[in-house]
1. If packing is taken as the average number of other Cβ atoms within 10 Å across a peptide's residues, how do 279-286, 84-91 rank, most packed first?
2. Is any residue of the range 759-784 close enough, with backbone N under 20 Å, to a label point placed 7 angstrom from the Cα of MET1 along the Cα-Cβ axis, and if so, which?
3. GLU507 label point, 7 Å along Cα→Cβ, cut-off 16 Å on backbone N: hits in the range 112-128?
4. Using DSSP to call loops (not H, G, I, E or B), can you name the GluC sites (Glu not before Pro) in the range 748-803 whose Cβ has at most 14 other Cβ atoms within 10 angstrom?
5. Pop the C-beta distance of GLU830 and GLU751 into the FRET formula with R0 = 51 Å and round what comes out to the nearest 0.05.
6. Give me ARG688, ARG266 ranked fewest to most by other Cβ atoms within 10 Å of their Cβ, as a rough exposure proxy.
7. Could you tell me which of the pairs LYS399/LYS687; LYS526/LYS670; LYS769/LYS870; LYS69/LYS526; LYS521/LYS695 are separated by over 29 angstrom between their Cα atoms in the structure shown?
8. Mind sorting SER351, SER823, SER779 by how few other Cβ atoms lie within 10 Å of their own Cβ, fewest first?
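Only the coordinates and a few stated rules stand behind these numbers; no lab work does. Fair warning: this is a prediction, and the values are worked out from it, not measured in the lab. Every residue, glycine among them, receives a Cβ derived from its backbone with ideal geometry; neighbour counts consider all protein chains shown.
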Amino acid sequence: MITFFPLSGAARSSRTTPLAYLLKVDDVQILLDCGSPDWNPEDPSSSAVKEEDLAENSFHWEQYCQALKEHAPNIDLVLLSHGDLAHAGLYAYAYAHWNLKAPAYTTLPVQAMARIAATEDIEGLRDEEEFEDASETLGVDVEMNPADGSPSLEKTRSASPNDSSRLRTRKYVATIQEVHDAFDSVTVLRYSQPFHLQGKCQGITIIPFNAGHTLGGTIWKIRSPTAGTVLYAVDMNHMRERHLDGTVLIRSSGSGGSTVFESLQRPDLLITDAERANVTTARRKDRDAALLDCIDAALSSRNSVLMPCDASSRVLELLVLLDQHWSYSRLKFPICLVSRTGREMLTFVRSMMEWLGGTISKEDVGAEVDGGKGGKDRKRKRDDDGDEEALGAFALRFKHLEFFNSHASLLQHYSSKEPKLILAVPASLSHGPSRLLFSKFAEIPDNVILLTGRSEEGTLGRILFDRWNNSQREDSKWDRGKIGSNVMLDGSLYIKINSKVPLQGDELEEYLQKERAAKEKQAAQKAAMERQQRLLEADEGDSDSDSDSDSDDENEVEQALGNDEMDSTGGNRSESPVNGLSEPKPRRKGGKRREDGTDWGGFGLDPDEGMTKQMLSYDIYLKGNVSKATSFFKSADGPTQRFRMFPYVEKKRRVDEYGEIIDVGTWMRKGKALEEDTETEEMKEAKRLAEEELKKAPREPPSKFVTTHVEVQLACRLFFVDIEGLNDGRAVKMIVPQVNPRKMIVVHAPEPATNALIESCAGIRAMTKDIYAPNQGESIQIGQQTNSFSISLTDELLATIKMSRFEDNEVGFVTGRIASLASSTIPVLEPVSAAVIPNPTNDQRPLRGRILGSRPVATLPRSTMIGELKLTALKSRLSAVGVHAELIGEGVLICGAAAKKGSSSDTLEDSVSVKKTARGHIELEGAVSDVYYTVRREVYNLHALIAA
């Protein structure tokens, strides 16, 4: 039985991102993707956002995160399909804080791209806000006042959940180290590599296939012996791009059509998205031309262009397009990429050329084999540059591209008046360099903000897209298949900007004072711990012979006497802040020492204070005025008096059961020495360089996080070109019927798109009618619960089985009797003789006398055919034996003379039609002829025939 539970990204939902689904196959729980939402949507202070939208967005991600937190410890397998935030952004936090320790699998590019995307997002967020890495609060609680729309600067966790005047949201942001630890644990696979799982998932096989859209994007095929085949295919692109090939799911045939990849046909369950099922995308040629024309027009008029982009996946397509255009047009304007991880991303991509496709490899090979001067110069330059510029990496050099870690470094290098093309992260404009640049960029007239994606609902990028789309004519909107026009923005927009500023003045002095106090406290605690360790390690046996120990004992006795006697006479007692040990008070000036050596100064107060000393003997000790108290024991003369007693401090040494103390420090020193001995010279040099770099790194000045509300006067132009690289409605409605699943689940789609795909599938006769579109939090069950058992076959039974080969397996029909053995817990299947098997025919009717000359009744063996007929495979087999065959419609194959062009009606006698119905039944129609028997034989050969 299969159970499907969408944690986020469900169908018929306005919030289609992030993507995260829980698939339960029998007892194995599989997490399909683990995306993160945009943590900084626009708040009510923005003039373009309503408070209801913010509340819905916060509720959506809180509901998703709580559901993921609840199911994370019980998940047995994690599969990641794409390397962006929408598919893998929350995996690091769930791995570190929610115990998502299940084995995770993906391709190598997805692992690296997801790490880069998460690192870029986390560094941008933590550079603007303070996040507490607490195990229980799991983020920062930001309170917003709906009355005036201003966020409260005070963090709180005591707000009542019933208080409707406050909106409480949480942000689940991991640390950089948690990101590296999480993605280091992911196992990488190659395309079309079957991987057989072990442990609780034993019996399940996972296979990744190319999905397009992003580098390493994956379609997951999950095979279970009980539940069948599950195909998880979301965010695909069948079109070939500049740096990627199209999805392997569908391929172009020689006759101009397209066919589905044979290994992915007819799955038992297809899980796919329908976000663009009602969208018609313009031709790629028109979109590229519109984008480049917009950039050229802006730069030639001495204006700049701002293109918000992502950090890892789709930015590569933009870089290849822009670099080719710059080289072809010989433009001198700079291309600026504002990203902390831009260099790292390109360095990785250059090392993974085997995962790339499109036109990059062809251009590089053509440049390499070119016999002209240009090809020789390029080859010589690659040889001079070294291994980094090997074959295939030349197209990814991007010699027109410049990298900047922040918007401040960009503004220092280029003034706002210089024309330039800026690619800044993130694409949603919710935080980071793109948001800061927008606040200054949008106020300059004739500058152009060029959007290449719609971004997530509720973000500034989505607000700008909606404003552009609403300004277009009805036939020029983004989903009509045409290119729109740029619009002039006007008015003002209030946005919130978070930033980190250094402390100054009184705040800096207060911070330094607290830092000094913390260091002093830490030093005091360390000294107290060392003193306590020395006391514990002191040898009790050496105290009698060691004069130093005697003096220490006497000092401790004096401390005890002095302090307690001072308490008894009203003196102040001081306690150390560490360990609560009593410290001696300084001896008073008025104190005198008697001739017998007794010091009375520590036992009484000065006569000037109007109090008399209590003259007590020096060799007795009793705290306070308890010497006047009566004892419990009575005597004949009345209550007995309690006397003071001499103090005795017993020193105990903490030893183990063998009478020794384990010196942990010694073992640690020895272990460190052994590690140093095993280190090579290269490792020592690398460690030394790392320590030097750490020392050279400037210490970050003390700073604070502030929030400012900025009014942006909009005066720039806005344009949108769809470069997201996803299938549109025409492709989705063509691919899904060709895959022809037995059951289908629609996810990641708004309600209009979901209904459009379901209606399209309903009009196809051969398409399944079992289509599900669950909402977020709605669980659906497919199939029935099956139980599997282990059984052992005897050697006699195996010798009688006639095996038939089917695909990669051998199958056979077995009839036997189950027996239990005392020596084994697994039951044994034994053969049954023919005499024991009852004959149902003889049991149902009375015995009759045998007719003279008749033969005895013989029961025919029962036969079963296993397999699924694929008309394309049958056509290939018939062509091999000389029978011409052609597909003429939905599930119909014409074989013989009628399949040839120009055949007459006289040849219909030698023709056979093979029809495959929706339920898998096969019908052969035709006259009795050699062609008929040939076709029937080949149909039988495509199945495994087993007989009882």
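1. Details: 279-286: 15.2, 84-91: 29.0.
Ranked from most to least packed, the peptides come out as 84-91, 279-286.
2. Zone members listed by number: 770-775, 777-784.
3. 127-128
4. Values: sites: GLU759, GLU778, GLU796; in loops: GLU778.
Answer by residue number: GLU778.
5. Numbers: r = 59 Å, r/R0 = 1.16.
Computed FRET efficiency for GLU830 and GLU751: 0.30.
6. On the way: ARG688 10, ARG266 16.
Ascending number of Cβ neighbours within 10 Å: ARG688, ARG266.
7. On the way: LYS399/LYS687 34 Å; LYS526/LYS670 23 Å; LYS769/LYS870 21 Å; LYS69/LYS526 39 Å; LYS521/LYS695 25 Å.
In this structure, LYS399/LYS687; LYS69/LYS526 lie more than 29 Å apart at Cα.
8. Numbers: SER351 15, SER823 4, SER779 11.
Ranking SER351, SER823, SER779 by Cβ neighbours within 10 Å, fewest first, gives SER823, SER779, SER351.
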